[in-house]
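**Student:** Have a look at the structure that comes next, please.
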Amino acid sequence: MRELAYRLHTLENIYSDFTGFLSIQSIQSEESHAGQSANLVAKDGTVLHTRKWTGKQGRPTVFIGHSQPTHSGHFMPLAQALNRRDWTVVSGDLRAHGRSTGPSQPLGHLTPQKGWDALIDDMQAHLSHAFKDVPFDQRVVAAQNITALLTLEVLKREPRLARHLVLTLPANQPTVAMLARAFCRARMKLKPHDEPDEQTHHHLYSFLGARLKERRHLADVMSADANLVDAVVADPLGFTVPTLGYWSEIFSGMERAWNWPKDVSIDSESSILLLYGEEDPLIANGKLVTPIRKWFDRAGVNEIELAIIEGGRTAILLDEATLNISEHLVNWVEGDMPLASTDGLVAETFEAISQEVLERFRRDRNGEALDTDQLIALCYDAVDDETLWIEILYRIAINMERSGTEERRRIETTLQALMPHWDRSYTINQRMVASTALGMVLQTVVERLEIGTALLSTQYKLLHHNEAFGQVLRQSCLAAGLNADDSVESLLDAVMDADFRNQIMSGQETSVLSIGGHPLGFYFRPDALQLGAGGDTAPAGLLVLRSQNEEYSDEDTRISMLELSYGLTRQEAAVALHVTRGHGPSAVAERFGVSINTVRTHLKRTYEKMGVDGQTEMVARIMGGAIGWLSR
């Protein structure tokens, strides 16, 4: 079966090699530094990507494990630095990560009820490959986050796995795992398990990043090195948005990994280094390390040491360029590293840490619990303030910490009642963010094309205008022999005749502003403004001034104006324009290479959107509006 799977994977492997090569260009300078690539076949036939940098015989061999948003290609700087010390370095991608993906194994997806066990098998396969024929004393594991937890799972199977274990583990906090699982289960009531879920991705990294003093991007929890974060985010195989199936298995695995069997002990000759970043929000600046160290004591480890790296965050093994992580690893394995101690570190409960976050946002609310209705209200308030979503998560975490694991069912019920509202508020927020971004882009385009735009009230008062509006208006007044020294408001008031004012006050959808019989501007009422609040000072319409130097009166401009004015699709606008020019439906069909029935369908929809009874009325209305304005 494995041989067959390996052969069938050939096309997928070509795909993975190509996308993987593209993805790591921002991390490495030359492909020759990427190590020797190979493929492994997991227990179920899944093909896994691995890479190796061969060192000198007798020197340590280290396996570097990745985290959720990364893959083996991101650790090349660390691998190359260790390889220069004559170490052999091996790194590999778990399924659903990096280049261990393809048509049969989507990026960022795990099969529910099977995914975590499959990852354990993958991790064991990678480690067996890395340490084949390597003596126990020369074996080093350096793993972070997910692969660190998977290392614990492999240790349950192989207690004598390696002499040196360097782990950056997520905090051993049952509350966090329980909250994550409950959130994911509530999401799965609304969304398919095999589709990427942006909301879970967003809230998870917002939750983790709540303790950071500054944050540009969700991925900043990984590292304080902005260039490194940007490179991972830009990588099509890095910082992907996982599915709910993926998160469900990961959150389940977080709980399982810390459940150590009573009859198993880690080999007494193994030593463990708990390596943490000082700014790692998962361990609260070292305050959650103490319970993890005690856990390893109970698992039978005799030699446990700690190093907290100044400036490091959750993906500290990525930070070779800025934090020289290879130096810490070499010094510890070879016995020269002065290590820190947990003595003096005050263990802090997750409840206290959660309270700190809420107080930071000035949302302590005297520590009182909020009922479901109050949490729903916070959901909708979060449309304008995303930190409220963070508050909801930390507030639920506090309730769980106080009440204990017996309240798991109640918390899950609360989240399931909350989730439809949470989903709706998140959707509204994302639409607002997208609309704001689009508005900024369109404003930039308008400014660059020197298009004059202004908002007018129902009383034809100027509410807002851009700089180009004033410039075009002054140029037009000068050309008409009018005094152009007055304010923009006064100039506009002077050029608006009685007919134009009456059309605005009566709510007419389109009007043409003229000076001395020459068209100057086009007024229309976009749907977005019609949906707004009424009143004399509310925006009623948009006035666009035509630059005297304008050279954009081509067909594309006219089609775009029809789209904007009447809410037509581009195809409908193009058909309407050609009919307005006197072309019959048959000629238009031939012009666009479509059937006459298609043209008639476009016209029928156009009549409905414009509120006209037929072709004659449509042409009259278009020529009396935007297109007529451009044609004069």
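What follows is calculated from the coordinates using simple rules that are stated; it is not laboratory data. This is a predicted model, so every value here is computed, not measured. Quick reminder, even Gly has a Cβ in these numbers, built from the backbone with ideal geometry, and neighbours come from all protein chains shown.
**Student:** What are the lysines whose alpha-carbon lies under 29 Å from the alpha-carbon of Lys609, with same-chain residues fewer than 8 places away excluded?
**Tutor:** Lys461
**Student:** What list do you get for Glu214, Glu269 if you sort them by fewest beta carbons within 10 Å?
**Tutor:** Ranked by crowding around the Cβ, least crowded first: Glu214, Glu269.
**Student:** Okay, moving on. Pairs to check: Lys43/Lys114; Lys132/Lys262; Lys114/Lys262. Give those whose C-alpha atoms are more than 20 Å from each other in this structure.
**Tutor:** Too far apart for the 20 Å limit: Lys132/Lys262; Lys114/Lys262.
**Student:** So which lysines pass the test for Lys213, namely a Cα distance under 25 Å, with those fewer than 8 places away in the same chain ruled out?
**Tutor:** Lys287
**Student:** Only counting other Cβ atoms within 10 Å, I'd like Asp384, Asp194 sorted with the fewest neighbours first.
**Tutor:** So the ranking, lowest neighbour count to highest, is Asp384, Asp194.
**Student:** Let me have the relative contact order for segment 89-147, percent, based on Cα pairs under 8 Å that are six or more residues apart.
**Tutor:** Computed over segment 89-147, the figure is 27 percent.
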